[in-house]
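I have placed the structure first, in the form of structure tokens, so that the comments after it can refer back to it.
The values are calculated or read from the model by the stated rules, or taken from the named source; none is laboratory data. Computed from a predicted model, the values in this text were never measured in an experiment. Backbone-built Cβ (ideal geometry, glycine too); neighbour counts: all protein chains shown. For accessibility, only protein heavy atoms count, side chains too; no ligands or nucleic acids. Shrake-Rupley method; radii C 1.70, N 1.55, O 1.52, S 1.80 Å.
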Amino acid sequence: MSAPVHGEPAPDGVLRLGLSGDLVRLGTETFTPARTQDASRLAERVRGRDVLVVVEDADTFLAQVSGALAVLRTQAAVVWLQHPDAPVAYRVVLRDEQGFRAWLEEVAPGKLRIIQRADGFELTTSVGKLPGPDRNGPSVPVRGGRQDLATLRRELARLKTRFTTSDDLCLVPSFGTEVVQAVRALGGTYVAPEEGLFDTLCLVYPTPRPATDAGLP
């Protein structure tokens, strides 16, 4: 089911970082964060900076960019994700798997999260999963092979009326999810231009394997 794209205006005056597979592009420089030396170089470039992440390849998967996201989580001041289809972006807090578990353990109502699956979105709160049309399926199934962002938006708005003090939400894509699909899903958290349902959006990414030294496999 189609839905208009909402979000924040893409920020100006920030560092633009491109993702393509396991490569990161920053101006004329290219990095492979899976290598220790490249991860260190990238950390130097983004340290203390606001960064706009632009996915340059629709077939770039979350598991491929975990190293880059790990660098951004620890070094960048602010991270934005550019929507692939519209001039809007989403400010996100990046959390690895350990950080996500710590967030879940915080004593607070709601703890709303979107589990992004191949067959749709599973909406989960501190009191359980929101049921969908199929009791064993996702809360918001795909329609015609596409994400149903209109229904996602409606169900999140409904959850927000129940958990009125829940100001943050985590998106938890399966690690085989294309990054552009995860960014599109963030659009479901906005009900109008610049009108998000939550003050803070979190993106959970897979913990990367330890970086290797240059020249090693």
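Numbers for the structure displayed
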item	result
Contact order relative to length of the chain, as percent, for alpha carbon pairs under 8 angstrom and 6 or more apart	27 percent
Given charges at beta-carbon only (K, R positive; D, E negative), |dipole| of the chain in Debye	400 debye
Rounded to the nearest 20 debye, dipole of segment 1-110 from Cβ charges on Lys, Arg, Asp, Glu	320 debye
Mean residue ellipticity (222 nm) of the chain, computed from DSSP H runs ≥ 4 via -39,500 (n - 2.57), nearest 500	-7000 deg cm²/dmol
Label-to-label distance, nm, for residues given as residue 78 and residue 194 (7 Å Cα→Cβ offset)	1.3 nm
Per-pair calculated FRET efficiency, R0 = 22 Å: residue 101 and residue 167 via Cβ, rounded to 0.05	0.65
Length gained when the stretch residue 85-residue 8 is fully extended (0.36 nm per residue, less Cα-Cα span)	26.4 nm
List 164, 60, ordered by accessible area with a 1.4 Å probe, largest first	164, 60
